[in-house]
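The values are calculated or read from the model by the stated rules, or taken from the named source; none is laboratory data. All figures in this text were calculated on a predicted structure; none of them were measured in a lab. A quick note on method: Cβ atoms are made from the backbone with ideal geometry, for glycine too, and the neighbour counts reach across all protein chains shown. With ligands, DNA and RNA removed, areas are computed over all heavy atoms of the protein, side chains included. Shrake-Rupley method; radii C 1.70, N 1.55, O 1.52, S 1.80 Å.
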Amino acid sequence: LKSLTIPGNQWMDVSKGPLLTLKLAEDTINNNYYVILNQHHLVLDHVGMEKVISEVTTYLSEEASNLPKPVAYRDFIGHILHQQSINDSESYFKELLGNIDEPTYPFELSNVLGSGGNIKESEVVLPKELSNRIRSICVELGISPAVVFHAAYGIVIARCSNKDYAIFGSLFSGRLQGSLGAADSLGLFINTLPFLVELKGSVKEYIETINQGLRGLLPYEQTPLSEVQSWSGISNEVSIFSALLNFRHSSIQSGNEENENIDLGITVLEGHERTNYPFTLNADDFGTDLGFGLTAQIDESVDADKVLEYMQEALVQLLDGLKTKEELAVTALAIVTKEEEKQVLEVFN
């Protein structure tokens with residue numbers, strides 16, 4: 001069973017269904033069943049999977065009569081097609097990316113066609129003090145924590161690419177544009193869009209630029225990535241980015257709150273998720289009491305633990321820069337700690 005769940009062993013023929021499968025093994029000696037669920041993002045996103053689990057739980061609790069009326073995915077598609085007909089996406093993205101002709105691949109990791117087999121994963125929960133500082137500054141500035149994490153990740157990608165700008169993929173939930181019933185519908189709503197970060201101006205100006213950039217993308221969050229790249233200055237022969245950031249609101253406990261006291265005798269043993277990108281960071285907001293977590297999935301040629309250290313240092317320096325009385329240039333921020341800088345420049349030399 002373990003060998004069947006190793007990320008590098010996964011493969012699905014996306015030209016035909018099903019793209020969601022269950023494998024069942026019976027342990028007769030211990031009176032247990034083991035279930036493996038394989039799911040491709042083409043058919044279902046995270047919110048949709050939570051909806052499935054919630055409805056299964058409701059059904060097993062003999063409360064099927066309380067299930068809501070299904071919402072058709074085609075309603076969402078119709079809404080998006082209408083939005084695209086009235087939005088001038090081409091003009092927006094040409095103005096945003098038309099002058100950028102070179103990607104920013106961290107550590108020159110440009111291959112986005114991998115299987116996930118060479119990916120190493122590392123995770124960390126941010127110190128409570130740091131999480132509290134992030135929430136405090138967000139309340140003070142009236143911004144979402146997503147802005148701070150995009151700003152820090154932009155610095156990391158720019159530094160690791162040796163550029164004064166960064167382009168990375170940012171995942172959008174796709175359920176925020178007012179489509180009726182989107183919160184209760186199954187299907188693929190998420191979309192990935194290129195997010196451009198330029199290291200210029202003061203830290204405060206930089207944060208405000210990130211905030212405006214995220215807000216500006218929302219009306220275009222369902223624009224196909226292939227079209228966006230064709231409107232940029234980057235050749236279609238190469239990937240527009242090789243790094244992803246997924247900022248998401250998460251729960252440490254699985255299942256839905258309505259049925260959390262119902263014991264169905266099911267224990268989640270483990271789960272794995274992979275993209276084909278060589279440099280991915282998931283930033284999880286676990287809520288006010290639990291803070292933030294980071295999960296790095298990085299090609300094995302780069303130390304995933306080190307990437308998490310860079311991200312934390314970027315967060316700290318951003319917060320320090322926002323609190324200084326002087327106008328601190330964003331180019332003055334580093335991702336390497338003073339200890340590592342001394343080790344590389346003095347001890348190793």
Original post:
What number, in nm² with one decimal, is the all-direction average of the projected area of the convex hull of the alpha-carbon atoms of segment 101-188?
Top reply: 9.5
**OP:** Could you work out the Rg to Rh ratio of segment 279-345, with Rh taken as the Kirkwood radius (inverse of the mean 1/r over all Cα pairs)?
**Re:** 1.03
Original post:
Cross-link partners among lysines for K2, C-alpha distance below 29 Å, same-chain residues fewer than 8 apart left out?
Top reply: K16, K23, K51, K120, K306
Subject >> Whole-number percent relative contact order across segment 114-228, with pairs defined as alpha carbons under 8 Å at least 6 apart >> reply: 24
Original post:
Over the chain, what is the relative contact order in whole percent, taking alpha-carbon pairs under 8 Å and six or more residues apart?
Top reply: 24
**OP:** Two decimals is fine: what's Rg over Rh for segment 59-104, C-alpha atoms, Kirkwood radius as Rh?
**Re:** 1.39
Subject >> Filtered trypsin sites (Lys or Arg not before Pro), segment 296-346: DSSP coil and at most 14 other beta carbons within 10 Å >> reply: K325
Original post:
Between V124 and S91, what FRET efficiency comes out of the Förster formula 1/(1 + (r/R0)^6) with R0 = 41 Å and r the beta carbon distance, rounded to 0.05?
Top reply: 0.50
**OP:** Read through the labelled values [x] 1.07; [y] 1.29; [z] 0.96 and report the label of the one computed as Cα Rg over 2.2 N^0.38 Å from the structure.
**Re:** [x]
Original post:
How much of the accessible area of segment 267-349, probe 1.4 Å, is carbon plus sulfur, in whole percent?
Top reply: 51
Original post:
Ranked highest first by the average count of other Cβ atoms within 10 Å around their residues, in what order do 3-15, 287-299, 21-33 fall?
Top reply: 287-299, 3-15, 21-33
**OP:** Calculate one ³J(HN,Hα) per residue across segment 30-41 by plugging θ = phi - 60° into the Karplus curve 6.51 cos²θ - 1.76 cosθ + 1.60, and present them in order as whole Hz with x for glycine and proline.
**Re:** 9, 6, 10, 10, 10, 10, 10, 10, 10, 9, 9, 5
Subject >> Residue-normalised accessible area of the chain, expressed per residue, 1.4 Å probe, Å² >> reply: 57
Original post:
Roughly how many nanometres apart are two label points built 7 Å out from the Cα toward the Cβ at E346 and S235?
Top reply: 4.5
Subject >> the chain, helix-only ellipticity at 222 nm - DSSP H runs n ≥ 4, -39,500 (n - 2.57), divided by all residues, nearest 500 >> reply: -10500 deg cm²/dmol
Original post:
Could you state the number of Å between the C-alpha centres of segment 44-103 and segment 273-310?
Top reply: 24
**OP:** Starting from the Cα of S15, step 7 Å along the direction of its Cβ; do the same at N132; then give the gap between the two resulting points in nm.
**Re:** 5.8
Original post:
Carbon and sulfur atoms: what percent of the 1.4 Å accessible area of segment 1-73 do they account for?
Top reply: 57
Subject >> Relative contact order computed over segment 218-349 (Cα-Cα under 8 Å; 6+ residues apart), in percent >> reply: 17
**OP:** Restrict the search to segment 165-227; then list the trypsin sites (Lys or Arg not before Pro) that DSSP places in a loop and that have at most 13 other Cβ atoms within 10 Å of their Cβ.
**Re:** K200
Original post:
Expressed in nm to one decimal, what extension gain is obtained for the pair L290 and Y165 from 0.36 nm per residue of sequence separation less their Cα-Cα distance?
Top reply: 41.8 nm
**OP:** Calculate what fraction, in whole %, of the accessible area of segment 160-231 sits on carbon and sulfur atoms when a 1.4 Å probe is rolled over the protein chains.
**Re:** 53
